[in-house]
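**Student:** Sending over a structure as structure tokens; questions will come in a sec.
Throughout, read-outs are computed from the coordinates displayed, never taken from laboratory work. Fair warning: this is a prediction, and the values are worked out from it, not measured in the lab. Cβ placement follows ideal geometry from the backbone for every residue including glycine, while neighbour counts extend to all protein chains displayed.
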Amino acid sequence: MNTHEALLAELQAQRGKLKQGGGAERIAAQHAKGKYTARERITRLVDEGSFQEVDAFMMQQGSQMPGDAVVTGFGKVNGRIVALYAQDFTILGGSFSEIQGAKVAKIMDLALQSGVPVIGLNDSVGARIQEGIHSLGAYAELFWRNTQASGVIPQISVMLGPCAGGSVYSPALTDFVIMTQGSHMFITGPEVIKAVTHEEVDLETLGGSDVHTSVSGVAHFATANEDEALTLTRKLLSYLPSNHAEPPPAVKPTDDPWRMDAALNSIVPTDPSMAYDMKQVITHIFDEDSFLEIQAAYAPNAIIGLARLHGQVVGIVAQQPDVLAGVIDINASDKIARFVRFCDAFNIPLVTFVDSPGFMPGLAQEYGGIIRHGAKIVYAYAEATVPKISVVTRKAYGGAYIVMSSKYIRTDLVFAWPTAEIAVMGAEGAVNVLYRKQLQRLEDPQAEQERLVAEYRQKFATPYVPAAHGYVDDIVVPAETRPRLIAALELLRNKRVSSPAKKHGIMPV
Ligand code: HXC
């Protein structure tokens, strides 16, 4: 009969084997590419000593790979529990198998039932070819769980290797995708592309972090290396509630709630054709160093991100007058709408800064479906029941005013700066439409045109008319925006509204 010592020694030996992954050679190859192993990644992600592994010994019958190509379990990040899985590229390229699928499904079920976020550390070549339908089924089970968990618990995908096929569809169903430089995401690899289209394309051009953070919009963040990606994951989690029934985590405020930066009073140029940087407006108003921009390189004419105001988490949506004058195009619509829905699902109040001449004109945008895409912004804001506050800093023309958190779509408090111009369109455009024929009849139309533009601006392009009718709740001194927003959020913290009973709406997609 075995002694207790022998039994414990056997367990230690078995556990030791798990750490060997796909063997020393493959681990060295992983390190040579600047990549960590699955276990090294977990150690760097969670609080020291907090990781609890699950299903470490699970494997295919007759297999020699306990745990298969994934490590699953739960641990703590800044003292709060998260569930996680980390794919092991050193074992058959981290390929997704029936066993890997069962392990990931179990940890996701535990996360969903317990109301804790799920973090996926992805480094996988996709479906394990040798397992055929079983690996496809395992993926489908994961996608099903991603969908069930959507809006219930935050889901974050960190991309750390060449992720192909199914291993990019699960991330696409999650809330945030973080890519390291050197990781890749693609549906079909270079070999398949060559066979089908005869095109030669390298992995970086196909699906590198630059492509997905600036062109496709698939990824929300790119980092230089794995350490940065894991640190960013911890930071992102610090803004998110563990589940949809909790408020986001507040921190003890360190910044003065009455801070009023005089610079804000002159930050918006009085000449409406001059640009300025809305990110400066944001940093002057929110708690020091608290702004975490999301999708910074994708549709930079729109800004989205998380920040804190007097220690409380808020979601920020804004236009960037520095890029394309802050016009709303197809990509900006997608970026804004998705973020608004994320914030609404997770009880994160929305603060919106409006300065936009409207929707982007032109054939490319119309053919691309700007009508359908732009509608997503209205839908998302109108559907959102979290506290909604907006600040019109300058242009809010036409559709831009309506869709960007206007009073009509039930924004709780709409503030305007004295520079705000809320009108159907800009003065020049309006004069052109209204007086074109009259002006054509004049010998020297310029002087009359200038007079009409000035008159229009005086009459319509000010915040006073909308304020007179209650469509703007107050015209505020820009420097006072921080305390005004803090007070408004305090009022709205326990806001409760109910929407009509339905199965679910049909969001324009
Ligand atoms: C099983 C695989 C595999 C696969 C690669 N490997 N792909 N094993 N199933 N799908 C193995 C390799 O044989 C190798 O094993 C190890 O994984 C690492 O692969 P390498 O090719 O050496 O790595 P690398 O050079 O970095 O290239 C990575 C890669 C390439 C670009 C991802 O492996 C590749 O193109 N693989 C095929 C990707 C793919 O088409 N996957 C299926 C997608 S379809 P050894 O033993 O040598 O270490 C899919 C279905 C679901 O996922 C779709 C749902 C929508």
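**Student:** Note down the relative contact order for the stretch 76-188 as a percent, whole number, built from C-alpha pairs under 8 angstrom at least six residues apart.
**Tutor:** This gives 26 percent for the stretch 76-188.
**Student:** A further question on this structure: Can you check how the C-alpha radius of gyration of the chain compares to 2.2 N^0.38 Å, as a plain ratio?
**Tutor:** Rg over 2.2 N^0.38 Å, computed on Cα atoms: 1.12.
**Student:** On a 0 to 90 degree scale, rounded to 10, what angle separates helix 445-459 from the longest Cα axis of the chain?
**Tutor:** With rounding to tens, the tilt is 70 degrees.
**Student:** Next question. Work out the length of the dipole vector of the stretch 1-147 about its Cα centre, built from +1 on the beta-carbon of each Lys and Arg and -1 on the beta-carbon of each Asp and Glu, and round it to the nearest 20 debye.
**Tutor:** The dipole of the stretch 1-147 has a size of about 360 debye.
**Student:** Tell me, what HN-Hα J-couplings in whole Hz come from the Karplus equation 6.51 cos²θ - 1.76 cosθ + 1.60 at θ = phi - 60° for each residue of the stretch 419-434, using x for Gly and Pro?
**Tutor:** 7, 5, 10, 9, 7, 5, 7, x, 4, 4, x, 5, 4, 4, 5, 7
**Student:** Turning to a different aspect of this structure: Using the Cα centre of the stretch 296-350 as origin and beta-carbon charges of +1 (Lys, Arg) and -1 (Asp, Glu), tell me which of Phe342, Asn331, Ala318 is placed farthest towards the positive end of the dipole.
**Tutor:** The residue sitting most towards the positive pole is Phe342.
**Student:** Lys502 versus Asp444, label points 7 Å from Cα toward the beta carbon: distance in nm?
**Tutor:** That separation, rounded to one decimal, is 5.8 nm.
**Student:** If you place +1 on the Cβ of every Lys and Arg and -1 on the Cβ of every Asp and Glu, how big does the dipole about the Cα centre of the stretch 124-230 come out, in debye to the nearest 20?
**Tutor:** 400 debye
**Student:** Then there is this: Taking the Cα centre of each part, how many Å lie between the stretch 323-388 and the stretch 398-420?
**Tutor:** Using only Cα atoms to place each centre, the spacing works out to 13 Å.
**Student:** A further question follows. If I take every Cα pair under 8 Å that is 6 or more residues apart in the stretch 1-135, average their sequence separation and divide by the length, what percent do I get for the relative contact order?
**Tutor:** Relative contact order here is 21 percent.
**Student:** For the chain, which longest stretch is free of loop sites, where a loop site is one of the chymotrypsin sites (Phe, Trp or Tyr not before Pro) that DSSP puts outside H, G, I, E and B and that has at most 14 other Cβ atoms within 10 Å?
**Tutor:** The segment 259-509 is the longest one with no such site.
**Student:** Within the stretch 80-123, what residues put their amide N at less than 17 Å from the label point 7 Å along the Cα-to-Cβ vector of Gln60?
**Tutor:** Under 17 Å, as judged by backbone N against the label point of Gln60, lie 88-104 of the stretch 80-123.
**Student:** Can you give me the long-range amide H partners of Gly305? Hydrogens built in the peptide plane at 1.01 Å from N, cutoff under 5 Å, separation of 5 or more residues or another chain.
**Tutor:** Ile294, Ile316
**Student:** By DSSP, what percent of the beta bridges with both residues in the chain are antiparallel, rounded to the nearest 5?
**Tutor:** In the chain, approximately 35 percent of DSSP beta bridges are antiparallel ones.
**Student:** What does the charge add up to near Ala127, with Lys and Arg as +1, Asp and Glu as -1, over the other residues with Cβ less than 14 Å from its Cβ?
**Tutor:** -3
**Student:** Okay, moving on. Could you give the length gained by full extension between Lys437 and His198, i.e. 0.36 nm per residue of separation minus their alpha carbon distance, to one decimal place?
**Tutor:** 80.4 nm
**Student:** What value, in deg cm²/dmol to 500, does the helix sum -39500 (n - 2.57) over DSSP H runs of n ≥ 4 give at 222 nm once divided by the residues of the chain?
**Tutor:** -11500 deg cm²/dmol
**Student:** Using +1 at the Cβ of each Lys and Arg and -1 at the Cβ of each Asp and Glu in the chain, identify which of Asn243, Thr481, Gln440 lies farthest towards the dipole's positive end.
**Tutor:** With unit charges placed on the Cβ atoms, the residue in question is Asn243.
**Student:** Skipping prolines and chain starts, which residues have an amide H placed within reach, meaning under 5 Å, of the one on Lys395, given they are 5 or more residues away or on another chain?
**Tutor:** Result for Lys395 returns Ser356, Glu421.
**Student:** For the stretch 332-344, take each phi angle, set θ = phi - 60°, evaluate the Karplus expression 6.51 cos²θ - 1.76 cosθ + 1.60, and give the result in whole Hz per residue in order, putting x for glycine and proline.
**Tutor:** For the stretch 332-344, the Karplus-derived couplings read 5, 4, 4, 4, 5, 4, 5, 5, 4, 5, 4, 4, 5 Hz, x marking Gly and Pro.
**Student:** By the scheme Lys and Arg +1, Asp and Glu -1, what is the net charge of all other residues having a beta-carbon under 9 Å from that of Ala380?
**Tutor:** That sum, taken over residues with Cβ under 9 Å, equals +1.
**Student:** Ok, one more. Loop-only GluC sites (Glu not before Pro) in the stretch 437-479, please: DSSP not H, G, I, E or B, and at most 12 other Cβ atoms within 10 Å.
**Tutor:** Glu443
**Student:** Count the net charge of all other residues whose Cβ sits under 13 Å from the Cβ of Ile348, scoring Lys and Arg as +1 and Asp and Glu as -1.
**Tutor:** Around Ile348, the surrounding residues sum to +2.
**Student:** Give, in nm to one decimal, the length gained when the segment between Val424 and Arg259 is fully stretched (0.36 nm per residue of separation minus the Cα-Cα distance).
**Tutor:** 56.0 nm
**Student:** Could you state the angle between the C-alpha long axis of helix 370-383 and the longest principal axis of the C-alpha atoms of the chain, as a value from 0 to 90 degrees rounded to the nearest 10?
**Tutor:** 80 degrees
**Student:** Same structure again: What ³J(HN,Hα) values, in whole Hz, does the Karplus curve 6.51 cos²θ - 1.76 cosθ + 1.60 give for the stretch 282-290 when θ = phi - 60°, with x put for Gly and Pro?
**Tutor:** Going residue by residue, I get 4, 5, 5, 9, 8, 4, 3, 6, 9 Hz, with x marking Gly and Pro.
**Student:** So, one more: What's the magnitude of the charge dipole for the chain around its Cα centre, counting Lys and Arg as +1 and Asp and Glu as -1 at the beta-carbon? Answer in Debye, nearest 20.
**Tutor:** I would put it at about 1240 debye.
**Student:** Defining a contact as two alpha carbons under 8 Å apart and six or more residues distant in sequence, what relative contact order in percent does the chain show?
**Tutor:** Relative contact order of the chain: 9 percent.
**Student:** Can you list residues whose amide H is under 5 Å from Gly73's amide H, if they're 5+ apart or on another chain and H is modeled 1.01 Å from N?
**Tutor:** Close amide H contacts, sequence-distant or interchain: Val54, Leu84.
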